[in-house]
Structure formats: C-alpha cells, structure tokens
Amino acid sequence: MEDVLGIYKQGNLLFKQAKYEQAIKCYENCLDIDSSNTYMFLEIAMSYFMLKDYDNALENFSNYIDYSDYIDNNVYSYISYCHYKNKNYIEAVETYNEQFDQDSSISSNPHEMQLKPLNKIVDDGVTYMAKILIELANLSLEEEDYKSALQFYTDASDFDSDISQKYKNEINKLKIIVNTLNKADEYFEKGNSEYNSQNYEKAIEYYEKSLEFNPNIDLVHLNKADAYYQLKKYDTALDCYTTYINKTNKLDDYIYFRLAYCNRKQGNNDKALEYYTKAIELNPNDSSSYNNRALIYEDKEEFNLALKDFDKAIEIKPDEILYRTNRASLYKNLNNYDSALEEYLFLMDLSDYDEPEEYLKNIDECYENGVDKEKVLEGYEKYFEYYDQIDEDALVKSANLYKKIKNYEKAIEKYNILIENLEDNIEYYKERANVLFFYCKDYSRALQDYNIIVEYYNDTKCDNSVVYEFQAKRGECYKELEVFDLAIADLSEAINALKQVRLYKLRAQVYENTGEVESAISDYMQVVNNTESNKEKSYCQNKVDDLRNINNKQIYIEDCTMSEILSIQGFNSVKATKFFKLKKEKSWYKLEHFAKDFGLFNPQFMTSKDAKRLVFPSKPIVEYGKRKIDF
C-alpha cells in the first residue's frame, strides 16, 4: 500500500504554499487509496474555500459532515460563509446557527486538521453575519415583510454594534409598522378563536378590525368570507371571496367549491355547475363536489348525469350517509324503489346512521310503491335489530306483511312483542287470536287469547255486544276442539245478545255433533228464514232435509255425523263417541265388528278391507243387547 501519510503531508505542504489545486490532488489520492480517510474531505473543502470555489467547498464540507464520526464545529462557520458568498442568505443564517446545536467535541485523529476560526482566515470573518442579516432585511422590505426586516436588523446589531445607529430611522419606522401589524394579527387570532367556537358574527367583527390595521392579510379576507358562508349570508360571502381572489389570484378547489355553493343557494345553478366542475378538475377526489353537482343535475332533470355523479361520490366515500340518502332520493324520483330500498338497508348497517323515524318512513314508502314484501320485511327486521325501543307502528306493519306472505308464526312473534311490552294491548290479543284461529288452525292457543279478551271486556264493563262477539269466537274454538257443551253455552249467549244469523248455523253444526237433531233443525231454519245469501239458504235447507229424512236412508260410515249415529236405536253418547273414535283412528277391523254387533252392516260388504264402505239402515237388523260388547 502506498504511503498515505506521506501523500497527506505532501498535500499539507502544498496547501501552506498556497498551491491549493495541487493539494487537492494529493488529498483525493489519499481518498482513492483508503476511503476511510474521511477527514480528507475537510482538507479538500478548505482548499476549494481558499480558491473561492464555494460550490465545491460546500460539496466537500457536506461529505465531511456526512461521513466523519467527529465534526469540528468551526466547519459550520465556513459553510455559512460559503452560502453568504453565494448570496444564499437564509442558508447562511441557518447554518451559522446550526453550529450551536452540535456537540463541541473534536476528533482525536492525530492526522485530522483542526480548523482555525473563520476570522483568522478571511478579513470579514467577524462582520459577514451582520452583512448577511442586512441583506435579508432589505429583501424582506422589498417583499413588504416588515416583521422579518425588523428582526434581521435587530439580529445584525448583535454582530455589529454600529448597525443600530446606522439604520436608526429604518428601525424606528419598522417598529411602528410592526406594532400595527401585531394589532392586526391579534384581532385576526381573536377572530379565528370565535370562528372555531362557531360565534361567526363576533368573528367577523374581529376580522374587520384586523383589516383596519392591515388590509393585506389574505387569510383575513378568506376567513371573513367563510364566516359569512357559515351564517348563510351567501351574497356577502360571494363579495368577500371575490375580494380574496382579486388580491391573491388564488383559485383552488376549496374556493371553487365555496363559490359554487353560494351561487347554488342564490339560485344560480348554471354558475354553480360551472364552479363545481372546475373544483372537480382541480381535485378529482372531491366527493362533496360530485354530490352537490349531482343535486343540480337532478334539479335540471338530467338524471343519468346525476346518478353518475352520486355513484362517483359514493365510490370515493362509500360510508357517507348524505351521499347514499341523496342517491336513494334520486332512485325514488326514477321510480326505482327497489334500488332505493337497497340504499336504506345499507344505511342502517352504518354505525353513524341514527335516523330511525326517517328510515321507517322510507321503508313504508318503498312498500307503498310495490317493492317486494319480503325485502320490505328485511328493512323492518334491520330496524328491530339496531333499535331497542318498541315501535308499535313498525311492529304492526311488519305483522300485517308477514300475514300477507303467509308467514303466520312471524306475525305471531310480532304480536307477542306488542302484548309483552304494551299496557294497552287488548287489540293485539285479538289480532293474535284471529291469526291462530283462521290461519294456523291452532284452536287451543286461540282459545287462550279469546278467554283473555272476554275476561277483559267483562272486567271493563264495556258495551256487551263486544263481549258477545268474542264469546261467539270462543264458542267456535270450543266447536273445533269438540268441547260441544261449552261451545253451545257461548254460542247461545252470543245468539241471545246479537241475533246474528251466522251464529245459528254454527250452533246447528254443534247440535248435529251432539245428536240433538231437532235443535239443529231449528237453528238451520233460522238461517233459512233470515239470511240474504242464497248459497247459505240452500246449504241450510239441505241440512234440514237431511236431518228430517234421517230415518229413511242408508248412511256410509265414512260420511256419517254424530246426530245420525245417535238416531240409531240402542246408541247413546258414550257408544257414539266410541264409534267416532274408531272411525277417526281408521281402525276398520274393529269398526267392522262394532257394526256387526249392532247389526249395522250390508251383507254385500263384510270384509275389513271394505269396512269403511259399510252402509247401515237407521233400525238395526238384530235387536240391541243380544250380544255383550266390551267397550
């Protein structure tokens, strides 16, 4: 390896002889041999510095700082001076101040040079910072940045005590100007504080005072315009925005949006449309501009363009409630209530959405306009899922819808909730009872509800006709459950009170099942004589004829009624009940023997296979009691 130290010493000798270009070559040679000799960057930088090649000096000073473990703090003075000579005054000041933030330690490397203070190298090494600051003060004055100018003059005085006297007049004038500017800033900050507290009127007062002291603060004009915007004083806001634009020539997407909104509120839709389009051109991700432009298109009945903009706004911000509400409204305008409902269902899943009344109103509207019932019910179920309160109207509507789609258990579920949670719930007992009776044919559960209803009206001593209406329905339940005595009791009370023709028919059917033929005939005749329905009249007349001719006909086992069985000699209610039990169980073999023991058979059909087709006359072929039967 070549002698790095020897080359280095040769470079130092050339440096002392002011042969800086040759010294640079020696130092660069040292770096080529061993790149870890990073202090060579400092030697190279100082050589360029002495050659007044400040750009190359800065580059090598920078390498020295980047690659060396130990930095001589004097280096920052040199860097600062280079910037000064290059007229980069801000960088000169910043670098000068940076030396005071660094560790003051110096490398222990015996080969590394230690920098002399700058004033030992250049004549103006002490006063150059003052010169820099005066230059910066002058530049600030040109830009009307009076606060910075005063600060630069003050800082320059710290480096050169004569400056404060030399620039006395300038400094005094600046102090007056800066004091005025400080007043303007003070009112500006007060205005911002009131604005942030939403005290817009007070904010405007402070902004106007600020402008009295300094009419050239751009943000005061902008914030004042925003305050009028928040107060919905759109005419004045537009004037303030125009003033701001004229002073600054700044037109960004924010300003275009505000201009568009103000024009829209004034009814200038075409101008608003133009400004929203410009806002979108400057910021294609501005979802608010897409949404607001869509509203204008909708007003102009350009629905396809409106939908396109709503789609884009939602693509940018999928969970924005306002955008989805607006798109749903557009769907309704297009009579696309299915899509509107999908939008409302999506909204309900958003955690920030809290408009239950509006949501239910929209669900109802979608149903009224032909949306599939099951989809509407999905909307109601989402409501019940997310809101704990009992909404009577929503529960009733959903129950009715479930009845329409024949999902009776879900309808009953809603009535259960209403009954359990409302004090005034008797109407829902009625609804549930009717569903159980007419649709579910669950007469036992229906009977429980009718019992509660009858008891309620008895306790409240209301109009007796209401009580008897539900007694009649309870009687129907008893009829279907074959509790005939209670059925007759309820129907008889209802008939005495209401005199309704249909109730006579019901009681007649019960009498048929109990074998009370004459009572059945009597009730059927009440229907025949009083009904206006020809169909009912014909049916009941036929029933009367059948009952009157029962002793002269043969009856198929599978078609016979209780009254027909009881009309046969030797039968009582116990034996008749046994007969119907065997018939219901389809125990044809037992039924055949049962019939034979009473002589109730036609010899043509004697096998168990044909027992269900046995016919029998009203009078037995053999006398009852000739053979003991074990029931």
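The values are calculated or read from the model by the stated rules, or taken from the named source; none is laboratory data. These numbers come from a predicted model, not from an experiment. For neighbour counting, all protein chains shown are included, and Cβ atoms are generated from backbone atoms with ideal geometry for every residue, glycine included. Surface areas here come from the heavy atoms of the whole protein model, side chains and all, with no ligands, DNA or RNA. Shrake-Rupley method; radii C 1.70, N 1.55, O 1.52, S 1.80 Å.
Here the gap between Ile316 and Asn400, fully extended at 0.36 nm per residue and compared with their Cα-Cα distance, gives a gain of 26.3 nm.
Projected label points at Cys440 and Glu378, each 7 Å from Cα along the beta carbon direction, are separated by 2.7 nanometres. Computed from label points 7 Å out along Cα-Cβ, the spacing between Lys590 and Thr180 is 11.8 nm. With a ≥ b ≥ c the root eigenvalues of the C-alpha gyration tensor of the range 6-93, is it rounded (a/c under 1.5), prolate (a/b larger than b/c) or oblate? It is oblate, given that a/c is not under 1.5 and a/b is not larger than b/c. Cα centroids of the range 49-82 and the range 126-201: 31 Å apart. For the range 303-332, the residues whose amide N sits under 15 Å from a probe point set 7 Å from the Cα of Asn269 along the beta carbon direction are 303-307, 330.
Computed from the C-alpha gyration tensor, the three semi-axes of the ellipsoid equivalent to the range 180-313 are 32, 14, 12 Å, from longest to shortest.
Give a quick list of trypsin sites (Lys or Arg not before Pro) in the range 144-240 that DSSP marks as loop, anything other than H, G, I, E or B, with at most 15 other Cβ atoms within 10 Å. Walk me through the numbers before you get to the answer.
Working: sites: Lys147, Lys166, Lys168, Lys173, Lys175, Lys183, Lys190, Lys202, Lys209, Lys224, Lys232, Lys233; in loops: Lys232, Lys233.
Filter output for the range 144-240: Lys232.
Qualifying trypsin sites (Lys or Arg not before Pro) in the range 456-515, where qualification requires a DSSP coil assignment and no more than 15 other C-beta atoms within 10 Å, comprise Lys461, Lys499. For the range 379-496, the convex hull drawn through the C-alpha positions has a volume of 99 cubic angstrom per residue.
Determine the per residue accessible area of the range 375-507 with all protein chains present and a 1.4 angstrom probe, expressed in square angstrom.
Numbers: 6620 Å² over 133 residues.
Accessible surface, normalised per residue, equals 50 Å².
Percent of Cα-Cα pairs more than 17 Å apart in the range 317-415, please. That fraction is 48 percent. Note: the range 370-420, Cα convex hull, 68 Å³ per residue.
My understanding is that a pair violates if its Cα-Cα distance is over 31 Å; which of Lys375/Lys430; Lys265/Lys375; Lys265/Lys373; Lys175/Lys224 do that in this structure? The pairs that break the limit, which is 31 Å between Cα atoms, are Lys265/Lys375; Lys265/Lys373.
What GluC sites (Glu not before Pro) in the range 283-365 are in a loop by DSSP, with at most 10 other Cβ atoms within 10 Å of the Cβ?
Details: sites: Glu298, Glu301, Glu302, Glu315, Glu320, Glu342, Glu343, Glu357, Glu358, Glu365; in loops: Glu301, Glu302, Glu320.
For GluC sites (Glu not before Pro) across the range 283-365 that sit outside H, G, I, E and B with at most 10 neighbouring Cβ atoms in 10 Å, the list reads Glu301.
Taking a point 7 Å out from the Cα of Asn336 in the direction of its Cβ, the residues of the range 289-303 whose backbone N falls within less than 16 Å of it are 294-295, 297-299, 301-303.
For Lys535, the lysines whose Cα comes closer than 21 Å to its Cα, not counting residues fewer than 8 places off in the same chain, are Lys499, Lys505, Lys543. How high is the FRET efficiency from Leu139 to Asn196, r the C-beta distance, R0 41 Å, rounded to 0.05? Taking R0 as 41 Å, the efficiency between Leu139 and Asn196 is 0.75. Give me the one-decimal nm value for the distance between modelled label points at Gln230 and Asp349, 7 Å along each residue's Cα-to-Cβ direction. Using points 7 Å along Cα→Cβ, the separation is 3.6 nm.
Subtracting the Cα-Cα distance from 0.36 nm times the residue separation, let me have the gained length for Leu219 to Ser36 in nm, one decimal.
That works out to 60.6 nm of additional length.
Applying 0.36 nm per residue to the separation of Ile90 and Asn74 and subtracting their alpha-carbon distance, the gain on full extension is 3.9 nm.
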